[in-house]
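To start, the structure itself, in structure tokens.
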Amino acid sequence: MDKDTFRRLELLNQLKLTETEKADAFAFFGSREKERLALDKIDTSSVERMVHVMPIMTVVREDVAVQKFSREALQQGAPETDEGYWCVPRVVE
Amino acid sequence: MKIYSSKLDKKSDKAIVVDDMLLTVDMPTSAGSKMLDGYMSLFEAEAITRLKANGYDIVGKADVGEFSFDLLGETSCNGAIVKDGKLCNASAEILKADEAVATVNLEVNGTVIRAAAQNDLCAVKPTYGTVSRYGTVPVACSGECVSVMSRNASVCREVLGVIAGHDDKDGTSLPEPYEYTSGVRRVAFLKSMTQGIDGEISEKLSSFKATLEKNGVEVCELDDEVICLSNIAWNILMSSELCNNVSRYDGVKYGHRAESFSGIDELYTNSRTEAFGELLKKTILFGSDNLSTENYMKVYDKALRIRRVISEAFAKIFGEFDAALMPACSTLSYGEDYLQSNKDAAFTENFYTAPASITGLPAVAVGGIQLIGKAFSDMMLLEAAELCEKEGK
């Protein structure tokens, strides 16, 4: 893991780590990479990926529009609202 | 340091405490994170609805580690619970104090099985898809399960019987009826899974083995090196799923919002950076790296294939045996300073719990050890747990 890749990951995930956290994360990445090498010893070229542990597919429900919660209820936990809208900083300069 | 994240002023002889990963409408749900501190859900978890419909009273919520994938809950935004110099788990403390008949928890990375094993309690992580995950805070959806912990196996069985069953609202809920198996006759003792355990756990395993044999169950030693790779693959899958699941927390519609920001990007970054803890941040970055174009095939795709290899290894074992016996943790307690020398303990101590997490197989912790069985053997594993409990009395 180089510093540029790490910075790219921070940007992608909207995070900014302190220098101490970065050093710890680098060590963490190193340990995970070291243990991952054990997986390479298993030949999985003829093994199918297992996405679901049980033979289930996502159930497709009837496409019926329902108003489960009111706008007011949905905005109860919002950090900032104004006349039914969620407030964010200006996005168009 | 908090045992309850919320508590209702209710007394009941059918009191249940749920952990803070299950949504409730009368108490906040924080998932142990500053990001969701004080968050009130508009709907409740299906497991809670079913418990209430069957006469149980939800009397409070147990604190959890941030998004519940740590060792015992030590990464909670409320701090770790430490008693007599040892790390404790909130749900286990509630049960030990006899404040509830059972706790219902979201098992993501072995916390529930580990806590039960270390506190002489019983816990069942059911077959994936048999208990609805509707209304739980999502972390690692392909493996997490709503689980039950109690002071004894019979209560676990009763509560599991109430919350299990198909739910249309959960896309991964299995169709009913579930054909639960019963009767333990042959158990495989997975010797390869005993690496790293201390003397006390070793004694617990020997004692459980002896109890099974005394009750006419044949126990055979087995070595399976592939199963030992479970936590490496699970760490990859869990982190990748977690990275996606927590991407929704941005400080806009709900959750923590930073006070200081100059634009929308800084609002997102500052809110997430302030609210998320250290373990969560590095796990998000690790998961994101696994899903990157460079690593997707080499790491994430490989882990999915390894998941099948492990599942097939278990299928082979369960062709001959009814259950697999193995440790649930390396030691019966973690000292306060354990995490200083084992910073990544959540990613290493899950060596013992990841086999059940990655395969979706049911697991039961009892008498300080763990039994894993084939799909739908949940009740049979609890029967074996009862044998152990009877022997203890």
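The values are calculated or read from the model by the stated rules, or taken from the named source; none is laboratory data. What you see is a predicted model; the values in this text were computed from it and never measured. Cβ: placed from backbone, ideal geometry, glycine included. Neighbour counts: every protein chain shown.
Screening residue B:391 with (1) crowded, with 17+ Cβ neighbours inside 10 Å; (2) in contact (Cβ under 8 Å) with a residue 60 or more places away in the chain gives one miss only, at (1).
Out of B:196, B:216, report the one residue that is within 14 Å of another protein chain (Cβ to nearest Cβ), at positive phi and part of a loop (DSSP other than H, G, I, E, B).
Values: B:216 fails: within 14 Å of another protein chain (Cβ to nearest Cβ).
Criteria check complete, one pass: B:196.
As for the range A:40-58, it holds no residue that is under 30 Å from residue A:84 (Cα atoms) and not polar (S, T, N, Q). Quick one: is residue B:286 within 21 Å of the chain's Cα centre (by Cα), within 11 Å of chain A (Cβ to nearest Cβ) and of a type outside the set (D, E, K, R)? Yes, satisfied. Of the set (1) in a loop (DSSP other than H, G, I, E, B); (2) in contact (Cβ under 8 Å) with a residue 12 or more places away in the chain, all apply to residue B:50 but (1). Of the residues making up the range B:239-298, those that are surrounded by fewer than 20 Cβ atoms within 10 Å (Cβ to Cβ), outside any helix (DSSP H, G or I) and among the hydroxyl-bearing types (Ser, Thr, Tyr) are B:260, B:262, B:292, B:293. Of the numbered criteria (1) in a loop (DSSP other than H, G, I, E, B); (2) over 16 Å from residue B:361 (Cβ atoms); (3) of a type outside the set (D, E, K, R), the one residue B:162 fails is (1).
Output yes when any residue across the range B:336-353 is in a loop (DSSP other than H, G, I, E, B), in contact with a Lys or Arg (Cβ under 9 Å, 6 or more places away or on another chain) and crowded, with 19+ Cβ neighbours inside 10 Å, and no when none is. The answer is yes, given that some residue of the range B:336-353 is in a loop (DSSP other than H, G, I, E, B), in contact with a Lys or Arg (Cβ under 9 Å, 6 or more places away or on another chain) and crowded, with 19+ Cβ neighbours inside 10 Å. When the residues of the range B:239-263 are filtered to those that are facing chain A (nearest Cβ under 7 Å) and among the aromatic types (Phe, Trp, Tyr), the one that is nearest to the chain's Cα centre (by Cα) is B:254. Right, residue B:334: among the aromatic types (Phe, Trp, Tyr) and away from chain A (no Cβ under 11 Å) or not? Spelling it out, residue B:334 is indeed among the aromatic types (Phe, Trp, Tyr) and away from chain A (no Cβ under 11 Å).
To keep it simple, each residue is scored yes or no on (1) of a type in the set (Lys, Arg); (2) touching a residue at least 40 places away in the same chain (Cβ under 8 Å).
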| residue | (1), (2) |
| --- | --- |
| B:288 | no, yes |
| B:308 | yes, no |
| B:318 | no, yes |
| B:335 | no, yes |
| B:340 | no, no |
| B:348 | no, yes |
| B:352 | no, yes |
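Within the range B:219-238, the set of residues being in contact (Cβ under 8 Å) with a residue 40 or more places away in the chain, outside any loop (DSSP other than H, G, I, E, B) and over 19 Å from the mean Cα position of the chain (by Cα) comprises B:219, B:220, B:222.
When you look at residue B:27, is it modelled with pLDDT of 95 or more, closer than 17 Å to residue B:10 by Cα and either in contact with a Gly (Cβ under 8 Å, 6 or more places away or on another chain) or crowded, with 24+ Cβ neighbours inside 10 Å (or both), yes or no? For residue B:27, the condition - modelled with pLDDT of 95 or more, closer than 17 Å to residue B:10 by Cα and either in contact with a Gly (Cβ under 8 Å, 6 or more places away or on another chain) or crowded, with 24+ Cβ neighbours inside 10 Å (or both) - is met.
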